[in-house]
Amino acid sequence: MPDPYPYQIAGATALTRHRNFILADEMGLGKTCQAIIACDRILADRVMCIVPAALRENWRREFATWSVRNLDIRIIRSVKEAEAWAEAGATGDVVIISYDLAASKHGYPVLTSAGRFDVLICDEAHYLKSAASRRTRTVLGTHNIKGSFREISDRAWMLTGTPMPNNPLELYPILKAFGLWRDSKIQFLDTFCIHY
């Protein structure tokens, strides 16, 4: 395992101290390694990573590079694979899936039937910027639902280098789901956004 930089150790430490956390380091600073080091530190037995489809293999490589434990890592690429995985007992220390699979009407029930995870990691969490999108409603829930991440995991760590690509309103779904913003979307707009 390579030696992490001091700021990466600080980031991993911050993750271990919080059940819900947004790690919004700049792109290229190693958010993935920080999350993996944090998983090792809390001895997470089961981890689910929801990532863009193109990053699934990268996450497998990063776990092999940064984790000091010998973890069974599963990448699930389709509903058919998810169903076979669930029927076989939903084994694997680390399960890596795409946002599209997590949000699909056939994939989500299979994933929620797989038991609880110690940590849910959402990489590129700005994919959850629209409160109206299916992926956001599935992963975070809506204002009147606790949020699916609470159904499957004790901890939810959001990783993003661009937490609000266009405007502060894009932070609203995560802040609301984490209980960090308790008022309405309109009040969020009035407080943090210029709107006409």
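For the stretch 103-123, the count of residues that are hydroxyl-bearing (Ser, Thr, Tyr), on the phi < 0 side of the Ramachandran plot and modelled with pLDDT of 90 or more is zero. Residue count for the stretch 11-23, restricted to those that are farther than 11 Å from Trp157 by Cβ and either surrounded by 12 or more Cβ atoms within 10 Å (Cβ to Cβ) or in contact with a strand residue (DSSP E or B) (Cβ under 9 Å, 6 or more places away or on another chain) (or both): 1. Kindly check whether there is at least one residue in the stretch 77-87 that is surrounded by 15 or more Cβ atoms within 10 Å (Cβ to Cβ), touching a strand residue (DSSP E or B) at 6+ places or on another chain (Cβ under 9 Å), closer than 19 Å to Glu62 by Cβ and among the aromatic types (Phe, Trp, Tyr). No, the conditions are met nowhere in the stretch 77-87.
In the stretch 121-130 there is no residue that is touching a Leu at 6+ places or on another chain (Cβ under 6 Å), over 12 Å from Met48 (Cβ atoms) and open to solvent by 10 Å² or more (accessible area, probe 1.4 Å). Condition check for Ile152 on (1) buried (at least 22 other Cβ atoms within 10 Å of the Cβ); (2) in contact with a strand residue (DSSP E or B) (Cβ under 7 Å, 6 or more places away or on another chain): one failure, at (1). Of these, Ile96, Ile186, which one is under 18 Å from the mean Cα position of the chain (by Cα) and β-branched (Val, Ile, Thr)? When all the criteria are applied, what remains is Ile96. Of the residues making up the stretch 31-45, none is hydroxyl-bearing (Ser, Thr, Tyr), open to solvent by 50 Å² or more (accessible area, probe 1.4 Å) and touching a helix residue (DSSP H, G or I) at 6+ places or on another chain (Cβ under 9 Å).
Applying the selection to the stretch 101-120, what residues are under 15 Å from the mean Cα position of the chain (by Cα), assigned to a helix (DSSP H, G or I) and crowded, with 16+ Cβ neighbours inside 10 Å? Across the stretch 101-120, the qualifying residues are Leu101, Ala102, Ala103, Tyr108, Leu111.
Selection of the stretch 1-50 for residues being β-branched (Val, Ile, Thr), more than 19 Å from Leu175 (Cβ to Cβ) and part of a strand (DSSP E or B) yields only Val47. From the list Arg56, Arg61, Arg77, the lone residue that is at pLDDT below 95 and under 18 Å from the mean Cα position of the chain (by Cα) is Arg77.
The values are calculated or read from the model by the stated rules, or taken from the named source; none is laboratory data. Keep in mind that this is a model prediction, so the values were computed, not measured. Cβ: placed from backbone, ideal geometry, glycine included. Neighbour counts: every protein chain shown. Surface accessibility is based on the protein's heavy atoms, side chains included, excluding ligands, DNA and RNA. Shrake-Rupley method; radii C 1.70, N 1.55, O 1.52, S 1.80 Å.
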